[in-house]
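The values are calculated or read from the model by the stated rules, or taken from the named source; none is laboratory data. The structure presented is a predicted model; accordingly, all values stated were derived computationally and were not measured. Heads up, the Cβs are rebuilt from the backbone with ideal geometry, glycines too, and the neighbour counts pull from every protein chain shown. Surface accessibility is based on the protein's heavy atoms, side chains included, excluding ligands, DNA and RNA. Shrake-Rupley method; radii C 1.70, N 1.55, O 1.52, S 1.80 Å.
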Amino acid sequence: MQDQEIIELLLQKNEKGIEILLKHYEPLIKYVIAPILPNPQDQEECLSEVTLRVWKGIDQFDSCRGSWNAWLTAIARNTALNHARHNSHHKHTENVTENMLSEKPTPEEIILQKERQEALSRAIQRLTPNEKILFYRKYYYLQSTAQIASELCTTERSIEGKLYRLRKKLREMLGGDFYA
């Protein structure tokens with residue numbers, strides 16, 4: 001079944017769309033979720049949440065803005081990160097006092113963060129296709145060096161060297177002000 005057919009079923013709120021989505025894309029979703037949430041129970045909860053988000057948000061998918069796989073993996077990744085954040089927040093609850101500083105960034109910090117994100121995005125676009133793949137696997141999908149090495153049929157040492165050179169290249173592209 002083609003992606004467009006799955007999308008059409010989901011847009012029509014046909015439950016068969018969910019069944020087919022899971023049949024074809026559950027391995028991909030779990031592949032994205034697993035490095036972020038190592039606990040199998042958390043993975044299953046996250047998979048359910050991803051499915052629900054796709055069901056509710058299918059009308060937001062726009063093929064002009066990106067591919068179906070990219071949209072789906074972004075939802076999976078963001079849902080897993082939210083789940084991990086939620087888990088860590090509840091494990092480390094502390095008493096709130098009046099003297100605690102607000103965790104919300106200031107307007108200046110928000111502007112600086114946005115400028116840094118844009119600069120990083122431009123730098124990533126200038127990388128070679130292989131460098132982009134390595135960058136996204138390690139820093140976006142949070143895959144382990146061992147997993148990347150295994151799937152690329154190389155050694156961990158080789159991947160670590162490539163990552164070192166990639167970070168160095170990005171530092172040079174971004175300049176010293178980026179890290180200040």
Completion exercise
Straight-line reach check, residue 162, cutoff 20 Å on alpha carbons, 8 or more apart in-chain or any other chain, hits among aspartates and glutamates -> 131, 151, 172
Problem - Hull-based mean projected area of region 20-82, where the convex hull spans the alpha carbons, in square nanometres - result: 4.1
Practice task
May I have the convex hull volume per residue, in Å³, for the Cα set of the chain?
Solution key: 185
Practice task
Return the tail of the calculated pair distribution for region 122-180, meaning the percent of Cα-Cα pairs more than 16 Å apart.
Solution key: 43
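Full-extension gain between residue 23 and residue 55, please, as 0.36 nm times their residue separation minus the C-alpha to C-alpha distance.
Values: separation 32, 0.36 × 32 = 11.52 nm, distance 1.48 nm.
So the chain would gain 10.0 nm between residue 23 and residue 55.
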Handout entry: Per residue accessible area of the chain, 1.4 Å probe, in Å²
Key = 69
Exercise for the section: Check the straight Cα-Cα distances from residue 104 and name the lysines below 28 Å, setting aside those fewer than 8 residues away within the same chain. Expected result: 91, 114, 138
Problem - the chain - mean residue ellipticity at 222 nm from DSSP helices (-39,500 (n - 2.57) per run, n ≥ 4, rounded to 500) - result: -22500 deg cm²/dmol
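How large a share of the accessible area of the chain, in percent, is made up of carbon and sulfur atoms when the probe is 1.4 Å and the other protein chains stay in place? Write down the numbers at each step before the final one.
Details: 6470 of 12470 Å².
Carbon and sulfur together cover 52 percent of it.
Which FRET efficiency value, to the nearest 0.05, is calculated for residue 70 and residue 113 with the Förster distance at 30 angstrom and r the Cβ-Cβ distance?
Numbers: r = 23 Å, r/R0 = 0.77.
Approximately 0.85, to the nearest 0.05.
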Problem - Which of 19, 5 is most accessible, then next, and so on - probe 1.4 Å - result: 19, 5
Problem - Accessible area of residue 154 in the full protein assembly, 1.4 Å probe (Å², nearest 10) - result: 50
